[in-house]
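Below is one structure, written out as structure tokens; comments come after it.
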Amino acid sequence: MNTSGAPPDGKSVEHLDRAVIFLGPPGAGKGTQAKELAKHYGVPHLSTGDMLRENIAKGTPLGIKAEPVMKRGELVPDSLVLKMVAQRIEEPDCTHGFVFDGFPRTVAQAQYLTILLRQHGYKPALVVHFVIDPKLLLRRITGRRMCKVGGEIYNIYERPPKCDLRCDHDGGELEQRPDDREEIVGPRLQAYERQTEPLVAYYRRLGRLHEVNAAKSVDEVKRQVLDIVRGAR
Ligand code: AP5
């Protein structure tokens, strides 16, 4: 029985019509769940990390500026990220909502996003906070492998591919992100605590924050997220 809410042809009968923000530390499972939620509602998954990595791969001026910063595990300056996001949500595929993963990451980004959403006529964003014991994150981050072709996310410890280092969906080669090396994880977590964690209090004050227990299985977290999104409508 199909209990996902999505019909067998993959087209969603439910509508999102808003921005959903996934907030949480590196490795909490935001990307994994953002792909699922975006697929469920047939809306784009907007990962600022993926957008920046694409710019690096293409050698754009933005990519050239972002690459050394990301390699150090620091945040890319707000001015660069905000311009990139503002352009992306103008695209026609964003009309029925979108799922942000890794954005906003600073209070300045959050304030700008509020204005941007209002300008485009969206309701206030729904924020899902991924709550997880930091001790679980190192294994998730260092074990992550991503498909070079479709971006599918695996974990060599927790969610391995069926065939060694090849994507189950398209056979693409799996690779480790440069910033997933153990020595970069510390700086990334520190950047999260210093610059992004204040957003938890920020969105809680605005009454927009919902929490999921991100230590649970992928299916269980997916269920929690869907309950929140459906309940908030
Ligand atoms: P970004 O790409 O956004 O990375 P991140 O926020 O650090 O988050 P991650 O992608 O590491 O983790 P995730 O929570 O998505 O976990 P995932 O689902 O993959 O940012 C990278 C860099 O770009 C930043 O450091 C910064 O430099 C720059 N940047 C990006 N956005 C920016 C912004 N807005 N402003 C400034 N700079 C910006 O899962 C992790 C692993 O766990 C996987 O292997 C997965 O298979 C596994 N897993 C997931 N869920 C579960 C589960 N429930 N149980 C067991 N295993 C699980």
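The values are calculated or read from the model by the stated rules, or taken from the named source; none is laboratory data. Everything quoted here is computed from the prediction, not taken from an experiment. Reconstructed Cβ throughout: ideal geometry from the backbone, glycine too, with neighbour counts over all protein chains shown. Remember, those area values only see protein heavy atoms, side chains included, never the ligands or the DNA or RNA. Shrake-Rupley method; radii C 1.70, N 1.55, O 1.52, S 1.80 Å.
Some observations on this one:
- Treating r as the C-beta distance of Arg139 and Gln190 and R0 as 22 Å, the FRET efficiency rounds to 0.75.
- Of Thr32, Thr114, the residue with the largest accessible area leads and the full order is Thr114, Thr32 (1.4 Å probe).
- Label-reachable residues, segment 133-148, where backbone N falls under 18 Å from a point 7 Å from Val218's Cα toward its Cβ: 137-148
- Averaged per residue, segment 16-173 has 48 square angstrom of accessible surface, using a 1.4 angstrom probe with ligands and nucleic acids left out.
- Label positions at Ala232 and Asp164, each projected 7 Å from the Cα along the C-beta direction, are separated by 4.3 nm.
- Each Lys and Arg Cβ is given +1 and each Asp and Glu Cβ -1; about its Cα centre, the chain then shows a dipole of about 460 debye.
- Near the amide H of Leu46, within less than 5 Å, lie the amide hydrogens of Val99, Phe100, Asp101, all on another chain or at least 5 residues away, with H placed in the peptide plane.
- As a fraction of the 1.4 Å probe accessible area of the chain, surface on carbon and sulfur atoms comes out at 52 percent.
- Pairs of Lys residues in segment 29-125, spaced 8 or more positions apart or belonging to different chains, with C-alpha separations under 30 angstrom: 20 in total.
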